1. Please state the charge dipole magnitude for the chain, taken about the Cα centre, from unit charges on C-beta atoms (+1 on K and R, -1 on D and E), reported in debye and rounded to the nearest 20.
2. Ranked highest first by the average count of other Cβ atoms within 10 Å around their residues, in what order do 16-23, 62-69 fall?
3. What spacing in nm lies between the two simple spin-label points modelled at Gln88 and Gln13, each 7 Å away from Cα in the Cβ direction?
4. Report, to the nearest 10°, how far helix 94-107 tilts away from the longest principal axis of the Cα atoms in the chain, using its own Cα long axis and a range of 0 to 90°.
5. Restricting the count to DSSP beta bridges whose residues both fall in the chain, what percent are antiparallel, rounded to a multiple of 5?
6. Between Arg35 and Lys67, what is the spin-label point distance in nm, taking each point 7 Å from the Cα along the Cα→C-beta axis?
7. Using only Cα atoms, find the angle between the long axis of helix 112-126 and the longest principal axis of the chain, and express it within 0 to 90 degrees, rounded to the nearest 10.
8. Tell me the relative contact order for region 2-126 as a rounded percent, counting alpha carbon contacts under 8 Å between residues six or more apart.
Amino acid sequence: MKPRTTKGNIFGQPKDKTWTQRVGRKSFKFGNPLRQNYLHTQAVKALVPGVPVYGQVAFTNVARFPKGVPEGVSALKTLKADLGPLLQADTVDPVDLNGAWQQLQATARTDRETRQAHIAGIQAKHGKDYR
């Protein structure tokens, strides 16, 4: 899950490269969070084969989607209901799930330098103002 704290009206579709945030009279472009979340989801799937992995982007309740909420996006208040059918459909052995969690914890790089390098790479590819 990728949480977003964006507010205002959000305009974008799953295949768009960028989405638009409108707050009052101002508009801001930002990278499609579904595209970024897809890459993160694929990385997790590669680390824990055989365990179902789902990607979902959750916006705070102050974000609005006047043209409809794209598939793969939830508001925090609807996240549990949106994920419910997915989670009920899969039955994963708790031992497998625990093993997958241990594998993720062992390989996760959460240090500051790694995060800064990740952000720098995104900005180098998409521009400094890419959010």
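1. In total the dipole reaches around 1040 debye.
2. Output ranking for 16-23, 62-69: 16-23, 62-69.
3. 3.1
4. The angle comes out near 60 degrees.
5. 55
6. Spacing of the two 7 Å Cα→Cβ label points: 1.6 nm.
7. On a 0 to 90 degree scale, this one is about 50.
8. Normalised by residue count, the contact order of region 2-126 is 24 percent.
Any read-out appearing in this document is the output of simple, stated calculations on the displayed coordinates, not a laboratory observation. Since we're looking at a predicted model, the values are computed, not measured. Positions of Cβ are generated from backbone atoms using ideal geometry, with glycine treated the same way; all protein chains shown enter the neighbour counts.
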